[in-house]
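In what follows, a structure is listed as structure tokens, so that the remarks can point back to it.
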Amino acid sequence: MHEAKWPLRLAIVMSVIWGVIAYAFSYENERFSGASFAVIGLIPLCVLWGLGWVVAGMFRHRKSPTLAFSAPDGAVTGAASTPAPTPTPASTLAPSRDWEPSAVASPLAGPWRRFFARTLDVYVWVLVVGFVVGILNARFGWSLLQFKGMSSSAQDTLAGVLFIPFALVCDVMVYASFGNTIGKGLLGVKVQTLDGSPLPARTYALRTVDVWIRGLGLGIPIVALFTEIAAYRALANGGRTSWDIKYGCRVSKAPRKIGHYLVAVVLFVLFILAMGYGKSMEQRQIDAQNQPPVSWQNPVNQQSAVILPGGWRLLPRNSKLPPNTWLYVDATNQYVVGIGFEQTNMGLEDYTDALLKGNPTLAIIRDGAVIADDSRRVWTGSGTGVATGSTDSMTVRAHVFGGNGGYWRVFAAAPQGQDQGIAQEQDVYRAVSQTTTP
């Protein structure tokens, strides 16, 4: 019965992992989108669970029932009773190791099977923990497990050292809940007591601490090399590791079908792809930050000015945008800065009123007012809210001023709470105004 429940347990754990990943991908402009989470997470999970339920029912009905009968105590089961066997003296038994149970259901797992099972467990939970940390950093503007001023290789090494303890905590919780972990279950590895039962949760947790220190070398690469070699040598000849002996357990192996190994390979490949994707995104941000500052040219008098630091880029022109409009986004695609020009004979107040009514983004601004900036009259304001046709709350700041026979507008928009996203608007306004004449 324990084996029959294994597919269900694996499905539950994988569903939780997929839910976390779907939650990470359900953020739009730094805000959680329930619709995206339903499309990415809930609907696929419901469909897959439904198909799994149907397939499980089909296989259940295809199996023929097996009836087993047992004779009552003392009943005669044959034509003549068979005399009880004579006990064999203990001195004639073959010698056995003191840590082996009297009846071993499964042989001991070899070093390579144990290595790949443990590695898969660590990889799965490092990936999940990394997604959670990324969500927290993006949502609250934190910098958890981010180390500025260090080389890329040093950051990766330090992050790996810090990620592994969190992954091992998740590993312990899964074992305490299901009696095995993802990697070990897929590869047929079981950590048991000497009589073949699962370890108590507390014992498994203490054993995991020993594995982290003596087996994984605290995640430090050069230390882990020597600890892994020592563990391999201890297991190569059918022996046990120091942590197995210390906590009185044995690690056995069970036969697995090709499907189990294929799932394990897929998880390994997904981890490698996720790591590669993360590194590519990190490199893109580094490349963007190393780009030269962004220059802009006034189309009326051809004067140029540096308006934004490196890392910002000009979006392609869109037919829905009015002419003489420039939109820039930062390297994270979260913050937008816009510049626009329109020739008109309207007064400043009338023009801004019409602009707010016709522009859903600028309509968020409620406290706009005309101020004097040197010899120029400038309308400026900021606000926070949800633009018409959108579901995401944002913060907007804008300046509108006359020049070159019309009105210039400069604005910035960012997700609510990300005030650093609109900090560039003031500098862009100053740079653009210097290229214009009142």
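What FRET efficiency do you get for S197 and M281 if R0 is 56 Å and r is their Cβ-Cβ distance, rounded to the nearest 0.05?
Once the sixth-power term is evaluated, E becomes 0.80.
Just want the ordering: C170, C249, C46, from fewest to most Cβ atoms lying within 10 Å of their own Cβ.
Listing C170, C249, C46 from fewest to most nearby Cβ atoms yields C46, C170, C249.
Residue separation times 0.36 nm, minus the C-alpha to C-alpha distance between Q334 and L262: what's the value?
Residue separation times 0.36 nm, minus the Cα-Cα distance, leaves 22.1 nm.
Hand me the trypsin sites (Lys or Arg not before Pro) from the range 371-438 located in a DSSP loop with no more than 16 other Cβ atoms within 10 Å, in residue order please.
Of the trypsin sites (Lys or Arg not before Pro), not one in the loops of the range 371-438 has a Cβ with at most 16 other Cβ atoms within 10 Å.
Got a sec? How would H399, H260 order by Cβ neighbour count within 10 Å, fewest to most?
Exposure proxy ranking, most exposed first: H260, H399.
In whole Å and largest first, what semi-axes does the C-alpha gyration tensor of the range 99-287 yield when each eigenvalue is scaled by 5 and square-rooted?
33, 17, 16
Which residues in the range 350-381 place their backbone N less than 12 Å from a point set 7 Å from the Cα of T344 along the Cα-to-Cβ direction?
So the set is 350-359.
Would you mind calculating the gained length between M14 and L51 on full extension (0.36 nm times residue separation, minus the Cα-Cα distance), in nm to one decimal?
Here the answer is 11.8 nm.
With unit charges on the beta carbon (Lys/Arg positive, Asp/Glu negative), name the residue among I164, G130, T119 whose Cα is farthest towards the positive pole of the charge dipole of the range 99-287.
T119
Normalising by the residue count of the range 99-287, find the relative contact order in percent from Cα pairs under 8 Å and 6+ residues apart.
RCO, the range 99-287: 31 percent.
With a ≥ b ≥ c taken as the square roots of the eigenvalues of the C-alpha gyration tensor of the range 293-433, please select rounded if a/c is under 1.5 and otherwise prolate if a/b is larger than b/c or oblate if it is not?
rounded
Read the figures in this text as sums done on the coordinates, not as results from a lab. Please read all numbers here as calculations on a predicted model, not as lab measurements. So basically every Cβ, Gly included, is an ideal-geometry build from the backbone, and we count neighbours across all protein chains shown.
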